[in-house]
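Laboratory data are not the source of any read-out in this text; all were calculated from the coordinates shown. These numbers come from a predicted model, not from an experiment. Methodologically, a virtual Cβ is constructed for each residue, glycine included, from the backbone with ideal geometry; neighbour enumeration extends over all protein chains shown.
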Amino acid sequence: MNQNKVDFIELTTESLDIGAIARRVVPANCGAIVTLDGFVRQFTKGRETLYLVYEGYEPMALKEMEKLIEAAKAQFQIENVGIVHRLGRLEIGETSVVISVAAPHRRAAFEACEWLIKELKRTVPIWKKEVYADGETWIEGDKSEMMNDE
Amino acid sequence: MKVSVLFFGATADAVGGREVEIDLADGSNADDAFAEIISAYPNLKQHKLLFAVNQEYADSNKIICNGDELAVFTAVSGG
């Protein structure tokens, strides 16, 4: 297997198949994959969400996701990473983001996966709108967090 | 010179559109450009904004060139 050719990043409006995404990152020398399945939460701070709408600045989002993979591979002992983020309307419980990290040993895969989702939520230009029974709001991240780390 | 400015999510709602073209003085940097955009769309001031030039987060000193793609958006909330 070619170990350098299986990183991937994608944006899609189709529903995500987590198992299939996870299997795409596996090279022969790895013993563990850690996969994050991020999905739409029904209750946030006690308020009920009906559905979400995700929007992305797609070309920039892809570039930022690529940078994250490069940075993760530079600091963790991992082999391959796949990141797929869904856009458009998502119902409660549907998967919005999948991050799969394959590594020779599990610890690095857990650490890298946690680092990747934290950074994705800070740097990748994608936004979610929460739609409630009585209104809707675009969620804004924490800008101070964004600026501190540059 | 003319540059296009893209808006997403909350900033698209604030300006009532997803893309505008603006005229900038030659030699403008990113700070100048974004100050101009915010003065044209004061509703944007209600938000915590991030700026990009040609699909990269922008340095305030970056010199803007004719045809560049600028973007103004709120702190991100994907995941």
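One table, with the values for the structure above:
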item: Relative contact order [Cα under 8 Å, 6+ residues apart], chain B, whole percent; result: 42 percent
item: Average projection area in nm² (convex hull over Cα atoms of chain B, one quarter of hull surface); result: 4.8 nm²
item: Positive minus negative residues near A:Tyr54 (Lys, Arg vs Asp, Glu; Cβ under 9 Å); result: +3
item: Residue-span extension gain [A:Asp142 to A:Arg24] - 0.36 nm each, minus C-alpha spacing; result: 39.2 nm
item: Measure of compaction for region A:18-76 (Cα Rg per 2.2 N^0.38 Å); result: 1.55
item: Kirkwood hydrodynamic radius of the protein assembly as shown, Cα pairs, Å; result: 18.7 Å
item: Inter-chain shielding of A:131-140 (mean C-beta neighbours from other protein chains, 10 Å cut-off); result: 3
item: Most mobile of A:Ala72, A:Ala28, A:Ala103 in a GNM of chain A (Cα contacts under 10 Å); result: A:Ala28
item: Mean residue ellipticity (222 nm) of the protein assembly as shown, computed from DSSP H runs ≥ 4 via -39,500 (n - 2.57), nearest 500; result: -8500 deg cm²/dmol
